[in-house]
Amino acid sequence: MKLMKHTLLFLSTAGLLSSCSQPATTETASTTTPATTEATTPTAEATTTAAKPSETIVGKWQFDNMDMGRPIPADKKAQWDAMMTEMKKTTTYEFTASGEVTFNAAMGGKSETQTGTWKLSDDGKKITTNIKGKEKTEDVAELTPNKLSFKTDDGHGTVSTITFVK
């Protein structure tokens, strides 16, 4: 439970970092990888019916990135990078076909696992989780076989994007 509070504290801290008055020199809190495009020949796999969103989400997802929607102040950048590195190694969601979800996180060498249930809207645009009796619905920004992104609003108009990869 303490770890989850630390993780939530991290997310809150990240929110605070993004809402701080910003010094003249800032960097964004998002790491982007240039997209590459290759011409390919359609395969039998590519021509079959696409999986339903509720099938695509099933599996283990590793934290990849968090874009706070605002620049990270330069004096907080090293702290931010250290937190992102730790979260990339330790934070996962695992969604099962039976509707169960497991969230794993570690902060400061302490790890915690929480379990609950999940349900994805038919159109794949909203996911609702219920962990320890607390229900939360998030907007799904992107769901592909290898990428899952949630959009969250901090309540003050700043929208953050949290990305997981398989």
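Pop the C-beta distance of THR113 and GLU55 into the FRET formula with R0 = 35 Å and round what comes out to the nearest 0.05.
On the way: r = 24 Å, r/R0 = 0.69.
The calculated FRET efficiency here is 0.90.
Mean sequence separation of contacting Cα pairs (under 8 Å, at least six apart), scaled by the length of the stretch 51-166, corresponds to a relative contact order of 28 percent.
Rounded if a/c is under 1.5, else prolate if a/b beats b/c, else oblate: with a ≥ b ≥ c from the C-alpha gyration tensor eigenvalues square-rooted, which is the stretch 62-124? Please list the in-between numbers first.
On the way: a/c = 3.73, a/b = 1.66, b/c = 2.25.
Oblate.
Within the set of other residues whose C-beta is less than 15 Å from the C-beta of LYS119, count the net charge using Lys and Arg as +1 and Asp and Glu as -1. Walk me through the intermediate numbers first.
Details: positive: LYS52, LYS125, LYS126, LYS134, LYS136; negative: GLU55, GLU100, ASP122, ASP123, GLU135, GLU138, ASP139.
Charge balance in the 15 Å sphere: -2.
Grab the Cα-Cα distance for GLU100 and SER121, subtract it from 0.36 nm times how many residues apart they are, and report the gain in nm with one decimal.
Values: separation 21, 0.36 × 21 = 7.56 nm, distance 1.51 nm.
The span from GLU100 to SER121 would gain 6.0 nm if fully extended.
Under 18 Å between alpha carbons, and skipping anything fewer than 8 positions from LYS52 in its own chain: which lysines qualify? Within reach: LYS60, LYS119, LYS125, LYS126, LYS147, LYS166. According to the calculation over all Cα-Cα pairs in the stretch 51-166, the P(r) per 10 Å bin from zero is 13, 43, 35, 9, 0 %.
Within the same chain, lysines fewer than 8 places from LYS110 are excluded, and of the rest, those with a Cα less than 18 Å from its Cα are LYS2, LYS5, LYS88, LYS89.
Read-outs throughout are calculated quantities, based only on the coordinates presented, and are distinct from any laboratory measurement. Not measured: the values here are computed from a predicted model. Cβ atoms come from the backbone with ideal geometry, glycine included; neighbour counts cover every protein chain shown.
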